[in-house]
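Student: My questions all concern the structure below.
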Amino acid sequence: MNKPITAMKPKMMPIASMGALREIRMPPDRPARPYDQAALPLSEVMSWRNTLEPFARPMFFFWSRLTRAKTLGVRVLVQDEQGRVLLVRHTYLDGWYLPGGGVDARETLESAAIRELAEETGLVAQSRPVLISVHANERFMPGDHVAVMRVDSFDPGVLTSRHEIAEVGFFALDALPDDLNRGTRARLAEIFDGAEVSPDW
């Protein structure tokens, strides 16, 4: 049985905004503090990354394109017992996304989904990830593809990407954040609203 984020320990801080209740799990080695946009500007979380990101990301993708004919990423769909969808907000990107990231060399889609879910949200998958769809991400990078995987059962774990993740929260489908990433919004519409599945991200 899925365990909602309210079961996570230690330290959680519930905050309400955009019509949805979000609860943020704080790492055990970090003192509790108000974890909202006013108290925690993105630049404060990781100023060096914010500065380097516009240069580092294009270099990373250029190198990936040189060394691999195609690149592959994964996004993970998780819902709590109330049917709310798990989303993350990065310290170096605008908007909210399904948790996920790149598939490493010699890594399967399933193992990448499990790893990214744990790193970005602290949740440990207890069920095998199921493939929902695959999309070409040519707009972002030629040759890139993104797979959407679903994890139905999970337990709380340890958040390891706290420098990359500004917020983690479950959102009701009728109260999604206004700045939800375009691709994420399209995938949720395909999955829950019966929208036609697009081959593109």
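Student: Does the range 125-135 hold any residues that are closer than 20 Å to residue 160 by Cα and surrounded by fewer than 16 Cβ atoms within 10 Å (Cβ to Cβ), and which are they?
Tutor: Residue satisfying the conditions is 126 alone.
Student: Given the conditions (1) in contact (Cβ under 8 Å) with a residue 24 or more places away in the chain; (2) under 16 Å from residue 133 (Cβ atoms), and given that residue 165 satisfies all but one, which numbered condition is not satisfied?
Tutor: Exception for residue 165: condition (2).
Student: Now for a separate question. Out of the range 110-119, which residues are surrounded by fewer than 23 Cβ atoms within 10 Å (Cβ to Cβ) and under 11 Å from the mean Cα position of the chain (by Cα)?
Tutor: Once the filter is applied, which keeps residues that are surrounded by fewer than 23 Cβ atoms within 10 Å (Cβ to Cβ) and under 11 Å from the mean Cα position of the chain (by Cα), the range 110-119 yields 118, 119.
Student: Next question, about the same structure. Go through the range 73-113 and give me each residue that's in a loop (DSSP other than H, G, I, E, B), out of contact with any strand residue (DSSP E or B) (no Cβ under 6 Å at 6 or more places or on another chain) and of a type in the set (Ser, Thr, Tyr).
Tutor: Within the range 73-113, 92, 108 meet the criteria.
Student: From the list 120, 110, 81, 167, pick out the single residue that is in contact with a Pro (Cβ under 6 Å, 6 or more places away or on another chain) and over 26 Å from residue 70 (Cα atoms).
Tutor: None of the others qualify; the one that does is 81.
Student: Of a type in the set (Asp, Glu), free of Cβ contacts under 8 Å to residues at least 60 places away in the same chain and surrounded by fewer than 16 Cβ atoms within 10 Å (Cβ to Cβ): is that true of residue 107 in this structure?
Tutor: Yes; evaluated as a whole, the condition is true for this residue.
Student: Taking into account only those residues within the range 69-99 that are under 14 Å from residue 176 (Cα atoms) and among the small types (Gly, Ala, Ser), which is surrounded by the fewest Cβ atoms within 10 Å (Cβ to Cβ)?
Tutor: This residue is 83.
Student: Moving on. Of (1) loosely packed, with under 14 Cβ neighbours inside 10 Å; (2) in contact with an Asp or Glu (Cβ under 6 Å, 6 or more places away or on another chain); (3) small (Gly, Ala, Ser), residue 161 satisfies all except one. Which?
Tutor: Here residue 161 meets the rest and fails (1).
Student: Given the options 122, 102, name the one that is surrounded by fewer than 21 Cβ atoms within 10 Å (Cβ to Cβ) and under 13 Å from the mean Cα position of the chain (by Cα).
Tutor: 102
Student: I'd like to check something: does the range 136-146 contain any residue that is touching a residue at least 24 places away in the same chain (Cβ under 8 Å), in contact with a strand residue (DSSP E or B) (Cβ under 9 Å, 6 or more places away or on another chain), surrounded by fewer than 17 Cβ atoms within 10 Å (Cβ to Cβ) and under 13 Å from residue 74 (Cα atoms)?
Tutor: Yes, that holds for at least one residue.
Coordinate-derived values only; no laboratory data. Only a predicted model underlies this, so the values are computations on that prediction, with no experimental measurement involved. Every residue, glycine among them, receives a Cβ derived from its backbone with ideal geometry; neighbour counts consider all protein chains shown.
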